[in-house]
Amino acid sequence: MGKTAVSHLVRNLIVVCDFATLSGGAENIALTTAKTAAEAGINVVFFYASGTPDQMLNNPRIRLVTTGQERFGTGSVSLAKTVQGLWNAKAYQMLLETLLPFEKGETIVHVHSWGSALSPSIFKAIKRSGLNCVVTGHDYLLACANSCFFNYQKSCICHVRPYSLRCLLTQCDKEGYLQSVYRFIRGLIQNRQFEKLKPNMLYVTAFQESKMQPFVHRRIASSFVLKNPLPDIDKRFSKNLEPGNAFLFVGRLVPGKGAELFCEAVEAEGLNGIVYGTGELEPHLKARFTKIDFRGWGDPSTIKEAMASCRALVFPSLFYEAAPLSPFEAKCFACLPSIVSSDCSAADSVIDGKTGLLFQTGDGSQLRRCLRSLMDDELVLNMKREVKAEAPLLSERSLKRYSESLLSQYDHIIGRNT
């Protein structure tokens with residue numbers, strides 16, 4: 001790629017992420033951020049712990065720096081790995097050395113993840129560098145020790161105040177109480193360094209902001225909401241508006257995602273269900289729900305094709321979630337209405353009764369009523385027409401708009417602090 005003239009105050013961007021592999025939502029946005037910034041003529045450093053770098057990083061403007069470390073939970077447990085999870089000294093030193101040559105008036109450090117390999121030590125390195133920092137909240141880790149405001153033992157949202165004595169005494173972690181205490185201690189270290197740094201917080205939805213801001217507002221300099229881009233949004237909308245036969249679930253088959261709730265409701269109503277996803281619950285679900293079509297983890301194009309032939313997407317998560325894409329992808333690529341649990345951020349993707357239906361989180365009887373309602377072909381057809389009419393609004397989630405908005409925020413932060 002030829003050199004592009006830089007028309008922004010930000011001329012250098014250091015992206016910090018646990019992994020350089022396309023392995024999850026945080027990594028996807030981190031890689032996308034690096035790629036689009038480089039294409040805008042900005043010099044990029046991608047700082048990470050491990051993983052084979054994704055092809056999105058193949059750009060002469062992107063320099064890779066890795067600590068060469070594995071995820072904290074990989075391999076056998078040792079004292080060294082336990083300490084590394086609390087404070088990764090190597091990540092601190094390498095990031096500090098990476099940052100020191102850059103000028104504050106033209107540089108942004110953008111942190112996407114640190115909880116799986118890099119540790120809270122990165123915040124001290126950024127503080128010592130004196131550079132402007134943005135942190136994207138891809139989950140709820142900055143407000144909740146287990147990152148999701150969820151009690152895995154009770155399978156419900158946790159309303160205990162984070163980092164209170166009651167929080168410390170509550171066994172909410174899926175891996176046991178000792179792990180819960182460990183995450184609590186790590187969170188205290190994280191919060192202390194975060195408060196010293198006072199970065200700029202990027203929330204991925206207004207819903208996430210409403211849940212996190214009460215607990216982090218004293219530890220940040222400013223905050224803003226920028227929704228994640230929808231990939232290939234320019235290729236949106238199937239021309240086929242005829243209702244399909246099956247209800248669709250797309251997601252990891254792990255506790256809290258609601259896959260079992262979906263399967264129970266679909267089979268109880270004698271309807272057709274398709275599941276795309278893998279995870280620890282897969283063997284159990286396959287054995288119990290023999291009439292559900294389990295298809296493993298499909299690639300994006302396969303899932304989009306399935307969406308075009310289904311009746312509705314069901315998003316029954318018990319989590320708050322941060323910025324789930326599947327309900328928006330269903331709208332974009334198939335004009336598909338969604339049935340969404342009411343207490344999660346995906347509820348914002350639905351106008352209840354118009355472009356989909358909401359049901360009380362975890363309530364199987366309400367979910368069954370929603371499924372029965374959407375067996376009405378005329379209702380589904382009207383919803384698909386309403387979804388299609390939302391096209392202009394969804395275009396605001398394009399990669400181009402996202403990149404422009406993010407670079408504008410970078411410039412604003414540099415201008416304010418220089």
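The values are calculated or read from the model by the stated rules, or taken from the named source; none is laboratory data. Note that this is a predicted model, so its numbers are computed, not measured. Reconstructed Cβ throughout: ideal geometry from the backbone, glycine too, with neighbour counts over all protein chains shown. Each accessible area value is taken on the protein alone, full model and side chains, heavy atoms only, with ligands, DNA and RNA left out. Shrake-Rupley method; radii C 1.70, N 1.55, O 1.52, S 1.80 Å.
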Problem - For residue 293, net neighbour charge (Lys/Arg +1, Asp/Glu -1) across residues whose Cβ lies under 12 Å away - result: +2
Exercise for the section: Output the peptides 252-263, 379-390 sorted from most to least packed, where packing is the average of other Cβ atoms within 10 Å over each peptide's residues. Expected result: 252-263, 379-390
Exercise for the section: Quick one: pull the percent of accessible area on the range 17-70 belonging to carbon and sulfur, 1.4 Å probe, ligands and nucleic acids left out. Expected result: 48 percent
Practice task
Answer with a single label: of (1) 45, 39, 17; (2) 37, 26, 19; (3) 47, 29, 24, which was calculated as semi-axes √(5λ) of the Cα gyration tensor in Å from the structure in view?
Solution key: (2)
Practice task
Taking amide H positions as placed in the peptide plane 1.01 Å from N, state which residues far from residue 110 in sequence (5 or more) or on other chains have amide H under 5 Å from it.
Solution key: 14, 15, 16, 134
Handout entry: Cα-centre dipole for the chain with unit charges at Cβ (Lys and Arg positive, Asp and Glu negative), debye to 20
Key = 1200 debye
Completion exercise
Computed over the chain: longest principal axis from alpha-carbon atoms vs helix 25-39 long axis, angle to nearest 10 degrees, is 60 degrees
Practice task
Grab the Cα-Cα distance for residue 305 and residue 168, subtract it from 0.36 nm times how many residues apart they are, and report the gain in nm with one decimal.
Solution key: 44.7 nm
Exercise for the section: Measure nothing but the geometry: give the 0 to 90° angle between the long axis through the Cα atoms of 177-197 and the longest principal axis through the Cα atoms of the chain, rounded to 10°. Expected result: 50 degrees
Exercise for the section: Show that you can apply the helix-only estimate: for the chain, add -39,500 (n - 2.57) for every DSSP H stretch of four or more residues, divide by all residues, and state [θ] at 222 nm to the nearest 500. Expected result: -11500 deg cm²/dmol
Exercise for the section: Working from Cα positions, state the angle (0 to 90°, nearest 10) between the long axis of helix 399-417 and the longest principal axis of the chain. Expected result: 30 degrees
Problem - Relative contact order of the chain, pairs being alpha-carbon contacts under 8 Å that are 6 or more residues apart, as % - result: 14 percent
Practice task
Mind giving me the nanometre distance, one decimal, between the label points for residue 160 and residue 221, set 7 Å out from Cα along Cα→Cβ?
Solution key: 3.5 nm
Practice task
Could you work out the relative contact order of the range 300-418, using alpha carbon pairs under 8 angstrom and six or more residues apart, expressed as a whole percent?
Solution key: 21 percent
Handout entry: Dipole of the range 15-126, positive direction: furthest Cα of 120, 28, 59, with charges on the beta-carbon
Key = 120
Practice task
State the answer as a single residue: which of 172, 191, 276 lies farthest towards the positive end of the charge dipole of the range 166-314, with beta carbon charges of +1 for Lys and Arg and -1 for Asp and Glu, about the Cα centre.
Solution key: 191
Handout entry: Solvent-accessible heavy-atom area per residue, rounded to whole Å², over the range 160-278 at 1.4 Å
Key = 46 Å²
Practice task
Once you have the Cα-Cα distance between residue 70 and residue 401, take 0.36 nm times their residue separation minus that, and quote the gain in nm to one decimal.
Solution key: 115.7 nm
